[in-house]
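Peer 1: Before I ask anything, here is the structure I am working with.
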Amino acid sequence: QEKTLAAGTNITLVDDGQTITINSTSSAQVSGYVSVLYKTLTYASGTTDLITLPAGAIILSTEVAVLSAFDGSPTLTIGTSLTPDLLVENADVDLSMVMSYMDDVSFILPGSGSQDIKAFLTANGATTGQISIFIEYFIE
């Protein structure tokens, strides 16, 4: 069942002894479960914060689905500020055609401390185009 939360509204879920509180301005991260981040971006999105993951988080897969082709010469990488192409390199995705790219190589997020995962989308003349990003991850 899908529920849209009004501003300032919380919803609490209890599953297998874990309590999860979700509000209209945050996403939930639950230890011991595989989770998936989903985000849709357009040609005008620029640099977008996707998710903050804790040290030791395991990236299971990353997928970029081009929902509508981009014009111009846009570029896309997904990663951290220090390593912008950690999850997706620009050469791996052709934004000019409707397609899907998936990298299912699992790895532990490098570094110590939490890290912000971002999408770095540069329009380079694009006036149309839309993608969806899926990042599957596990937090112990």
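Read-outs: derived from the displayed coordinates by stated rules, not from any lab. On a predicted model such as this, the values are computed, not experimentally measured, just so you know. Reconstructed Cβ throughout: ideal geometry from the backbone, glycine too, with neighbour counts over all protein chains shown.
Peer 1: Going by average Cβ neighbours within 10 Å, how do the peptides 40-47, 131-138 rank, with the highest at the top? Kindly include the intermediate steps, with their values, before the conclusion.
Peer 2: Numbers: 40-47: 15.0, 131-138: 19.1.
In decreasing order of mean packing, 40-47, 131-138 become 131-138, 40-47.
Peer 1: Something else now. Convex hull over the Cα atoms of segment 51-140, averaged projected area in nm²?
Peer 2: 5.4
Peer 1: Right, next: Please identify which residues in segment 34-64 have an amide N closer than 14 Å to a label point set 7 Å out from the Cα of residue 103, following the Cα→Cβ vector.
Peer 2: 59-64
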